[in-house]
1. Taking the Cα centroid of segment 45-120 and of segment 123-195, what is the distance between the two, rounded to the nearest whole Å?
2. Treating cross-link reach as a plain straight distance, find the aspartates and glutamates whose alpha-carbon is under 18 Å from the alpha-carbon of LYS106, omitting any fewer than eight places away in the same chain.
3. Under the Kirkwood approximation applied to all pairs of distinct alpha-carbon atoms, what is the hydrodynamic radius of segment 153-206 in Å?
4. Count charges around LEU184 for me, please; just the other residues with Cβ under 13 Å from its Cβ, Lys/Arg as +1, Asp/Glu as -1.
5. Can you give the convex hull volume of the alpha carbon atoms of the chain per residue, in Å³?
6. What net charge do the residues around GLY68 carry, taking every other residue with its C-beta under 15 Å from that of GLY68, with Lys and Arg at +1 and Asp and Glu at -1?
7. Quote the charge dipole size of the chain about the Cα centre in Debye, to the nearest 20; the model charges only the Cβ of Lys and Arg (+1) and of Asp and Glu (-1).
8. Quick one: length gained pulling HIS187 to GLN27 fully straight, 0.36 nm per residue minus the C-alpha distance?
Amino acid sequence: MIVVDGVSHRLGDQLVLDRVDVALAEQRIGVIGANGSGKSTFARLLNGLVVPDSGTVTVDGLSTAKDGREVRRKVGFVFTDPDAQIVMPTVGEDVAFGLRRSGLPKAEITARVGDMLARHGLPGFDDRPAHALSGGEKQLLALCSLLITAPRTLVCDEPTTLLDLRNARRVGALLAGLPQRLVLVTHDLNALADFERVLLFDAGRLVGDGPPADVVAQYRTAQS
């Protein structure tokens, strides 16, 4: 359970979130809204990348402000631009980075990395330079590097926005098939049809919360 309780947050003089209250328990949750509505800041709250100015965010009772490291073990974050989270020179090293403190033997880590890459569209990519990959391959790498740590929840901030149609579909299909809880920030309203719940943000406030068809219709009406 992720609980956002009375959260407000400013960036400089701008109030980007205004008294947001919501509890998240469903497996598939979409987050929508116009640019500048506060949805990306909201997403960053969920694993402690952003700490609220007022109010609290807790994950299974852990405070994102006080227990950030433990929270991030439970909640992984996927950025729009995968270059923001690729930290190692090769694909294999980047995926293995999350297991560096696991205490596993090197051979076991190598085997787990190879299996992760094979299962998620990058078989045999272990020794390739990470930053030489295509945009779609980089986003798959970013996902593999998170999934290797087995988070319970993935928060994805427009993970297909920078991709061409083929790779957007490829990444979307991967996300759809994952067992983890997914919180997806997106402008692709059609991608949310099978979700259990959608949140709509406007001017920093949570203005819609419910089934996808209802909330997407509300958003379309507001934008027309």
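Computed from the coordinates by the stated procedures, all read-outs in this text should not be read as laboratory data. None of these values were measured; they are calculated from a predicted model. All Cβ positions, even for glycine, are placed from backbone atoms using ideal geometry, and neighbour counts span all protein chains on display.
1. Between the Cα centre of segment 45-120 and that of segment 123-195, the gap is 14 Å.
2. GLU93, ASP94, ASP115, ASP126, ASP127
3. Values: mean 1/r = 0.0826 Å⁻¹.
Answer for segment 153-206: a Kirkwood hydrodynamic radius of 12.1 Å.
4. On the way: positive: ARG28, LYS39, ARG181, ARG197; negative: GLU26, ASP157, GLU158, ASP188, ASP194, GLU196.
Net of charged neighbours comes to -2.
5. Working: hull volume 27.5 nm³, N = 224.
For the chain, the hull spanned by Cα atoms encloses 123 Å³ per residue.
6. Numbers: positive: ARG44, LYS66, ARG69, ARG72, ARG73, LYS74; negative: ASP60, ASP67, GLU70.
Taking every other residue near GLY68 into account, the sum is +3.
7. Values: 25 positive and 27 negative charges, 84 e Å.
Computed about the Cα centre, the dipole is about 400 debye.
8. Extra length available between HIS187 and GLN27 comes to 55.7 nm.
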